Amino acid sequence: MGGTKEISCNVRVIAATNEDIEKAIDEGRFRFDLWQRVDEYTLEVPSLGDCPEDVLPLAAELLKRFNGEFQKTIEGFTDEAREKLQSHSWPGNVRELKNVIRCAVVETTGNMIDADSIILKAVPRKEKVFSLKDDAEEKRKIEQALEKAGHNLKKAAEILEISRPTLYKKMEAFGLK
């Protein structure tokens, strides 16, 4: 880029994100031209919460790994523990499952992991302030955020969980100063 000669090369770029990339482009947080360059093939990977059938096989593999790491001989999970694992929504995906199984292996003194050893932490969900149904509601939310932020646009954008360029565009569209 920026040169005067074209240089041929053979590369493959693999990029991953948990971001809604189209939303990020709309909000000016991701460049559309860059997206056009890298969007040759998209592979959507579902979350662990969307694939409950994968939880127990992954948990079994993680149990084997952590048995070796901690020199344990835990044979498996009780029925209650398996039920608890499968009924959880896994907002932290495989990382969360890995942490839960590691802790369970460390805490377990017997030959089976029971439900009490499966410690599922409540994940605080940040409530979306900027979830809007219509223009009047959107304008009102922007005005409230601006007031709360003392008309500091950076802070108002943070409150609304949008980029500053998006806030500028919305303010202009609603005639806000």
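The values are calculated or read from the model by the stated rules, or taken from the named source; none is laboratory data. The model shown is predicted, which means the values in this text are computed figures rather than measured ones. Backbone-built Cβ (ideal geometry, glycine too); neighbour counts: all protein chains shown.
Looking only at the range 118-137, which residues are surrounded by 13 or more Cβ atoms within 10 Å (Cβ to Cβ) and modelled with pLDDT under 95?
Here is the first cut: in the range 118-137, the ones surrounded by 13 or more Cβ atoms within 10 Å (Cβ to Cβ) are 118, 120, 129-130, 132.
Answer for the range 118-137, where residues must be surrounded by 13 or more Cβ atoms within 10 Å (Cβ to Cβ) and modelled with pLDDT under 95: LEU120, VAL129, PHE130, LEU132.
Listed here are the residues, each with its yes/no results for (1) acidic (Asp, Glu); (2) within 24 Å of the chain's Cα centre (by Cα).
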{"residue": "VAL11", "(1), (2)": "no, no"}
{"residue": "ALA15", "(1), (2)": "no, yes"}
{"residue": "GLY28", "(1), (2)": "no, yes"}
{"residue": "GLU40", "(1), (2)": "yes, yes"}
{"residue": "SER47", "(1), (2)": "no, yes"}
{"residue": "CYS51", "(1), (2)": "no, yes"}
{"residue": "GLU69", "(1), (2)": "yes, no"}
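Would the range 52-69 turn up any residue that is part of a loop (DSSP other than H, G, I, E, B) and exposed (fewer than 13 other Cβ atoms within 10 Å of the Cβ)? Give the steps one after another, and end with the answer.
First, pick out the residues of the range 52-69 that are part of a loop (DSSP other than H, G, I, E, B): none.
So far as the range 52-69 goes, no, none of its residues is part of a loop (DSSP other than H, G, I, E, B) and exposed (fewer than 13 other Cβ atoms within 10 Å of the Cβ).
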